[in-house]
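Novice: Below is the structure I would like to discuss, written out as structure tokens.
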Amino acid sequence: MKVTKVLSIVVLLLGMVACGKPAGELVGATSGAGFVEANPFGMVLIRKGAFLMGSNSQSAIFSQPDNNVMVTVNAFWMDDTEITNSEYHQFVNWVRDSIAYSLLLEEEGSDSEYALPSKYESDDETVRINWRKSIPWENRFIPDEPMAEILSPMFYDGGRGGLKTTALRYHYTWMNIDQAVMSKNKFDVARGRYPKGASIRVDSFWVENDEIHYETIERPLRQPSDINTNGIICVYPDTMVWARDFEYAYNDPLLHSYFSAPGYAEYPVVGVTWEQAHAFCHWRTQLFRSQQNNVTANAYRLPTEAEWEYAARGGRRMAMYPWGDRYARDSEGCYLANFKPYRGSYHNDTGVSTLPVGQFNPNDFGLFDMAGNVAEWTASAYSTSSNSSVHDLNPEFPYMARKEDPNTLKRKVIKGGSWKDISYYLQCGVRTYEYQYESRSYIGFRCVRTYVGN
């Protein structure tokens, strides 16, 4: 009896120690057999947990309460701020440079100074880019400079004008998980084949007459690579949103300078569609893996609606706002986010439109701007009844809409409210939507990565 009691007490004490482990010890912690996942730069670890998902108050949109459900999410990393103009510029510049390198190598071949010398003799005619060799863009203005002629398709007026932003196209591949998990496409692991008649529905992209075209096709599913879709998308933000979103308003200065002027470098990027944000996550993943010697790591992606809401609440299960209070002002009357306090009084919270990221205090998880400034794209498809149908473990309502789908299937959940919204939309549980092909002056995004381990 004494031995049994002692063992019970030891087990109980060990359990108490595990439960009381400080949150900070999880950062860069070991998971699995001695594997240590380093802190991704600019990201915060959101520990696993459960919370009541859904609106805290009556819906202002449908005049009926949302369905609240208790759910659990695994641990993940999340950007501590929205993606800024400066960060998105890195994506745009990478696409610009890769196109320029490709044009130069196509013209000059393996002898080009922009080609990476091969260490081994091979029959493979692929020429790799030497990214360490900078492109002297200023040379394109020199008369009779060969490089100017080669790069002229990237610029207006025969190479003498400004950058042709519509030429900045990103080619990438993603996996159509939603098609692969369909029962009719279940892979027979015992026989190593897909069932007869298995097919997959994807969008097919191609460039013709200097324009991107795509259509929805259905093709046979015979091997794993058939699950992939090769996409092509222009990556430059739509700067016209500042004029298009607001009729009878003079926002032309922002139209011309918001994405290009250095003074807006630390402001959240806007004018980016859900599809462009999806492509950015893919590029960021490939860049990260290449810097880690192609070590396979969890991909950067948009957060699910559940992940976003859980992170916004900052560990407070019933928090109406990320700061935990039921009001948008503190005890001294100061506003706690960038939004629209009163009719026409945008400046009351110190910002007229967007503000640089991180201007207000973070929530308890260390995340900035989870309410206000700009609303944020999530990975989740929008449905008024999704909370009633999703699983209570890592809930997600995914759907990669294709060209031929109706617009109702192209709606994506956006969260957090923006600089132009009233305080209701800043609530953690409030959800609205935008079409995946639309861009707005008040919608941005941030990335997440699934944490390796438990």
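The values are calculated or read from the model by the stated rules, or taken from the named source; none is laboratory data. If you're wondering where the values come from, they're calculated on a predicted model, not measured in any experiment. We place every Cβ from the backbone using ideal geometry, glycine too, and count neighbours over all the protein chains shown.
Novice: Out of the residues in the stretch 187-225 meeting the condition of being under 17 Å from residue 175 (Cα atoms) and of a type in the set (Lys, Arg), tell me which one is surrounded by the most Cβ atoms within 10 Å (Cβ to Cβ).
Specialist: 201
Novice: Related question: So which of 328, 375 is modelled with pLDDT under 90, in contact with a strand residue (DSSP E or B) (Cβ under 7 Å, 6 or more places away or on another chain), among the aliphatic types (A, V, I, L, M) and under 21 Å from residue 82 (Cβ atoms)?
Specialist: That would be 328, the only listed residue that is modelled with pLDDT under 90, in contact with a strand residue (DSSP E or B) (Cβ under 7 Å, 6 or more places away or on another chain), among the aliphatic types (A, V, I, L, M) and under 21 Å from residue 82 (Cβ atoms).
Novice: For the list (1) modelled with pLDDT under 90; (2) part of a loop (DSSP other than H, G, I, E, B); (3) of a type in the set (S, T, N, Q), I need the number of the one condition that residue 290 fails.
Specialist: Unmet condition: (2).
Novice: Let me confirm something: among 252, 245, which residue is touching a residue at least 12 places away in the same chain (Cβ under 8 Å), among the acidic types (Asp, Glu), outside the structural domain of residue 371 (by TED's automatic domain parsing) and more than 16 Å from residue 169 (Cα to Cα)?
Specialist: Just a single option satisfies the conditions, and that option is 245.
Novice: If I ask for residues that are touching a Phe, Trp or Tyr at 6+ places or on another chain (Cβ under 8 Å) and either assigned to a helix (DSSP H, G or I) or closer than 16 Å to residue 276 by Cβ (or both), which ones from the stretch 69-88 would you list?
Specialist: Residues satisfying the conditions are 82, 83, 84, 85, 88.
Novice: Within the stretch 401-432, restricting attention to residues that are surrounded by fewer than 20 Cβ atoms within 10 Å (Cβ to Cβ) and not charged (D, E, K, R), which residue is farthest from residue 344 (Cα to Cα)?
Specialist: Per the stated criteria, the residue is 406.
Novice: Follow-up question, since we're still on this one. Report yes if some residue within the stretch 156-168 is farther than 26 Å from residue 271 by Cβ, in a loop (DSSP other than H, G, I, E, B) and at pLDDT 90 or above; otherwise report no.
Specialist: no
Novice: Hey, any hits in the stretch 404-420 for a residue that's in contact with a Ser or Thr (Cβ under 7 Å, 6 or more places away or on another chain), without any contact (Cβ under 8 Å) to a residue 40 or more places away in the chain, under 24 Å from residue 243 (Cβ atoms) and not acidic (Asp, Glu)?
Specialist: Yes: the stretch 404-420 contains one or more residues that are in contact with a Ser or Thr (Cβ under 7 Å, 6 or more places away or on another chain), without any contact (Cβ under 8 Å) to a residue 40 or more places away in the chain, under 24 Å from residue 243 (Cβ atoms) and not acidic (Asp, Glu).
Novice: Follow-up question, since we're still on this one. Scan the stretch 144-166 residue by residue and report those that are more than 29 Å from residue 238 (Cβ to Cβ) and aromatic (Phe, Trp, Tyr).
Specialist: none
Novice: Pick out the one residue from 297, 279, 371 that is aliphatic (A, V, I, L, M), part of a loop (DSSP other than H, G, I, E, B) and more than 20 Å from residue 416 (Cβ to Cβ).
Specialist: 297
Novice: Quick check on the stretch 176-194. Is at least one of its residues under 28 Å from residue 87 (Cα atoms) and either at pLDDT 90 or above or assigned to a loop (DSSP other than H, G, I, E, B) (or both)?
Specialist: Within the stretch 176-194 (the criterion being under 28 Å from residue 87 (Cα atoms) and either at pLDDT 90 or above or assigned to a loop (DSSP other than H, G, I, E, B) (or both)), the answer is yes, since at least one residue qualifies.
Novice: Tally up the residues in the stretch 91-122 that are surrounded by 13 or more Cβ atoms within 10 Å (Cβ to Cβ), polar (S, T, N, Q), modelled with pLDDT of 85 or more and assigned to a helix (DSSP H, G or I), please.
Specialist: Qualifying residue count for the region: 2.
Novice: Then there is this: Any idea which of (1) touching a Ser or Thr at 6+ places or on another chain (Cβ under 7 Å); (2) surrounded by 11 or more Cβ atoms within 10 Å (Cβ to Cβ); (3) small (Gly, Ala, Ser) is the one residue 158 doesn't satisfy?
Specialist: That leaves (2) as the condition not met.
Novice: Also: I'd like the full set of residues that are in contact with a Ser or Thr (Cβ under 8 Å, 6 or more places away or on another chain), hydroxyl-bearing (Ser, Thr, Tyr) and not in a loop (DSSP other than H, G, I, E, B), limited to the stretch 425-454.
Specialist: 425
Novice: Still on this model: Condition first: farther than 19 Å from residue 362 by Cα and assigned to a helix (DSSP H, G or I). Now tell me which residues in the stretch 404-423 satisfy that.
Specialist: 407, 408, 409, 410, listed by residue number.
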